[in-house]
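The structure follows.
The values are calculated or read from the model by the stated rules, or taken from the named source; none is laboratory data. Please read these numbers as outputs of a predicted model, since none were measured by experiment. Cβ placement follows ideal geometry from the backbone for every residue including glycine, while neighbour counts extend to all protein chains displayed. Ligands, DNA and RNA are excluded from the accessible area calculation, which covers all protein heavy atoms including side chains. Shrake-Rupley method; radii C 1.70, N 1.55, O 1.52, S 1.80 Å.
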Amino acid sequence: MLTNMIASWRHVFKLDPQKTLTDANLERICQSDTDAIIVGGTDGITFDNTVDLLGRIRRYELPCVLEVSNLAAIVPGFDGYLIPLVLNATDVKWVIGAQHEAVKQFGGMIPWSDVLGEGYVVLNPQSRVARLTDSRTELSCEDMTAYAEMVEQLLNLPIFYVEYSGTYGDIEMVEAAKRGLDRTHLFYGGGIQSAVQAEAMAAVADTVVVGNCVYEDLAAALKTVKAVKG
């Protein structure tokens with residue numbers, strides 16, 4: 001079951017289909033002892049570049065899920081599909097509108113047992129995803145705890161994702177999110193550039209997601225696996 005699989009993840013690499021990654025570097029990533037690969041990005045995601053990346057990852061034996069950001073880029077063959085609900089977006093399209101449109105178009109073809117919703121909170125105002133979703137990023141710790149409680153108690157979602165997207169986050173905000181959760185799995189992603197940063201977030205979050213560092217300093221990115229998993 002997808003929920004049980006994700007519950008075991010401590011470290012994940014997120015790969016962007018739009019970005020260039022050599023076969024040699026992809027091999028190092030997939031054989032690094034990371035728990036899984038998430039494929040996803042904010043823009044420039046197409047069916048062609050997504051299916052190409054999936055085919056390359058499938059040479060290796062590790063779970064691979066798609067974080068859906070573009071309906072046209074949904075590719076069959078992933079182990080699961082993560083659907084973000086950006087809870088602090090001021091445009092309702094990114095909270096429930098785009099998801100409603102997807103179900104209206106493809107509801108009869110959706111493999112629901114392979115789909116999970118993510119309660120997302122975006123906290124870097126300069127990030128592409130914050131600008132795209134017009135997210136309200138000036139939040140307090142009390143706001144974060146309340147969002148976490150909503151995700152678990154009201155929406156009953158299996159994942160709460162704290163996303164700093166390109167900058168290293170405030171650990172107190174991540175701790176505030178954790179205080180609101182009991183059963184829901186806490187993902188942290190954003191700005192991790194070193195093993196020290198990854199280890200610090202791993203002390204709070206259930207799963208640490210490393211993305212941009214893969215393309216900027218692969219050696220440092222690979223060191224985060226051991227830092228998180230011990």
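Just to be sure before I move on: is ILE57 free of Cβ contacts under 8 Å to residues at least 24 places away in the same chain and either surrounded by 15 or more Cβ atoms within 10 Å (Cβ to Cβ) or among the polar types (S, T, N, Q) (or both) in the structure I sent?
So ILE57 does not fit the description; no.
Here are some conditions: (1) surrounded by 19 or more Cβ atoms within 10 Å (Cβ to Cβ); (2) within 24 Å of SER8 (Cα to Cα); (3) touching a Phe, Trp or Tyr at 6+ places or on another chain (Cβ under 8 Å). GLN193 meets all but one. Which one does it not meet?
It fails just one condition, (1).
A further question follows. Quick one: GLY41 ticks every box in (1) outside any loop (DSSP other than H, G, I, E, B); (2) touching a residue at least 12 places away in the same chain (Cβ under 8 Å) bar one, so which box is it?
(1)
Specify the residue that is most open to solvent (accessible area, probe 1.4 Å); the eligible residues are those in the stretch 7-21 that are at pLDDT below 95 and either among the hydroxyl-bearing types (Ser, Thr, Tyr) or in contact with an Asp or Glu (Cβ under 9 Å, 6 or more places away or on another chain) (or both).
This residue is THR20.
So which residues in the stretch 174-210 are closer than 13 Å to LYS223 by Cβ and part of a strand (DSSP E or B), if there are any at all?
Of everything in the stretch 174-210, those that are closer than 13 Å to LYS223 by Cβ and part of a strand (DSSP E or B) turn out to be VAL208, VAL210.
Out of (1) touching a strand residue (DSSP E or B) at 6+ places or on another chain (Cβ under 6 Å); (2) of a type in the set (S, T, N, Q); (3) closer than 18 Å to ILE37 by Cβ, the odd one out for ASN212 is which?
(1) is the only condition that ASN212 fails.
Looking at the stretch 72-92, can you tell me whether even one residue there is more than 29 Å from ALA219 (Cβ to Cβ), in a loop (DSSP other than H, G, I, E, B), in contact with a strand residue (DSSP E or B) (Cβ under 6 Å, 6 or more places away or on another chain) and touching a residue at least 60 places away in the same chain (Cβ under 8 Å)?
Yes: one or more hits.
Run down LEU26, LEU66 and say which single residue is open to solvent by less than 30 Å² (accessible area, probe 1.4 Å), modelled with pLDDT of 95 or more and not in a loop (DSSP other than H, G, I, E, B).
LEU26
Looking for something open to solvent by 20 Å² or more (accessible area, probe 1.4 Å), touching a Gly at 6+ places or on another chain (Cβ under 9 Å), part of a strand (DSSP E or B) and touching a residue at least 24 places away in the same chain (Cβ under 8 Å) - is there at least one such residue anywhere in the stretch 96-115?
Checking the stretch 96-115: at least one residue is open to solvent by 20 Å² or more (accessible area, probe 1.4 Å), touching a Gly at 6+ places or on another chain (Cβ under 9 Å), part of a strand (DSSP E or B) and touching a residue at least 24 places away in the same chain (Cβ under 8 Å).
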